[in-house]
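Student: Before we start, here is the structure in question, set down as structure tokens.
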Amino acid sequence: MSSSKCIRTLIVDDESLARERIREMLEADPEIEIVGDCANGKEALQAISKVKPDLIFLDVEMPGIDGFQVLQSLDSSAMPAVIFVTAYDQYAVRAFDIYALDYLLKPFDRERFERSVRRAKEQLLEKSDSMNERILSALEQIRTRPVHLERLVIKMNGHVFFIKAGEIDWLEAEGNYVRLHAGKESYLLRDTISALEAQLDPKQFLRVHRSAIVNIDRIQELQPWFHGEYRIILREGVQLTLSRSYREKLHELLGRPL
């Protein structure tokens, strides 16, 4: 924390309304000094270098450079405290995988927000070296190995489900949602199939069509189809199409052409 009594705070979110809401909640706090707000990861990196905040409210899902990539790009010798802000439940799990101070799941209320700020103050005022050490250690692990989703958190019909990535058989796009198929169950997740593809382990999950991703451990058979496409038969009997435009990815995974 800086020598100033106030906690120098930076707000990073690609939604202007979200930035305004965070700013409005912080402005009445005499222990907080808002030193700027940013609409994307590139602006955030520039601002962090310039204003050197003690605390960052950091959106996870942003175009270009996302919140996790922002952290990975920072100078490890001057790591600020981070409260992740996200609209997607599965990011909460990943946030704690890299030891974020806290996370706020949109839409959050004032009570939840103030609890998060209190936690930040306690850690920063104590100048918690252990917190910084945990973050730096986790970031070093991220730099040396790919980080992929190991589990997803899904809210559906008033229930919360924890699904391990390895339990997923295949995924299909449904507009702005993705349906996860795991055995006889299916779950609807508010996300895009491209966003999930980027987070899943490419050695385990293969994009086979613009609207489908398959767990390769569930593939039982590949059958030549029309126009260079293949029919994929999963162990459960589900049939999918491997389109020509995604065939090269399977070649790379197998180490040889079909």
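Read-outs throughout are calculated quantities, based only on the coordinates presented, and are distinct from any laboratory measurement. On a predicted model such as this, the values are computed, not experimentally measured, just so you know. Here the Cβ is made from the backbone with ideal geometry for all residues, glycine too, and neighbour counts use every protein chain on show.
Student: Using DSSP to call loops (not H, G, I, E or B), can you name the trypsin sites (Lys or Arg not before Pro) in region 154-229 whose Cβ has at most 14 other Cβ atoms within 10 angstrom? Mind dumping the intermediate values first?
Tutor: Details: sites: K155, K164, R179, K184, R190, K203, R207, R210, R218; in loops: K184, R190, K203, R210.
Listed in order of number, the matching sites are K184, R190, K203, R210.
Student: If you filter region 175-237 for GluC sites (Glu not before Pro), then keep DSSP loop positions with at most 16 other Cβ within 10 Å, what is left?
Tutor: Hits after loop and neighbour filter: E236.
Student: Now a separate question. Can you give me the pair-distance distribution of region 26-69, C-alpha pairs, 10 Å bins, whole percents?
Tutor: Per 10 Å bin, starting at 0, the Cα pair percentages come out as 27, 51, 20, 1.
Student: For a quick check of your reading of the filter: which trypsin sites (Lys or Arg not before Pro) in region 1-78 sit in a DSSP loop and have no more than 16 other Cβ atoms within 10 Å?
Tutor: Loop-located and lightly packed - K5.
Student: How large is ³J(HN,Hα) for each residue in region 112-123, as worked out from phi by the Karplus curve 6.51 cos²θ - 1.76 cosθ + 1.60 (θ = phi - 60°), to whole Hz, x for Gly and Pro?
Tutor: 5, 5, 5, 5, 5, 5, 4, 5, 4, 4, 4, 5
Student: Can you give the net charge of the other residues whose Cβ lies under 14 Å from the Cβ of S49, counting K and R as +1 and D and E as -1?
Tutor: That works out to +2.
Student: Right, next: Using a simple spin-label model with points 7 Å from Cα along the Cα→Cβ vector, what separation in nm is obtained for R151 and F226?
Tutor: Taking the simple label geometry, R151 and F226 are separated by 4.5 nm.
Student: Just to confirm a number: summing +1 for Lys and Arg and -1 for Asp and Glu over residues other than V70 whose beta-carbon lies under 11 angstrom from that of V70, what do you get?
Tutor: After counting each charged neighbour, the total is -2.
Student: I'd like the Karplus ³J(HN,Hα) series for region 158-170: coefficients 6.51, -1.76, 1.60, θ = phi - 60°, whole numbers in Hz, and an x wherever there's a Gly or Pro.
Tutor: Rounded to whole hertz, the list is x, 10, 10, 10, 9, 10, 6, 4, x, 7, 6, 7, 7.
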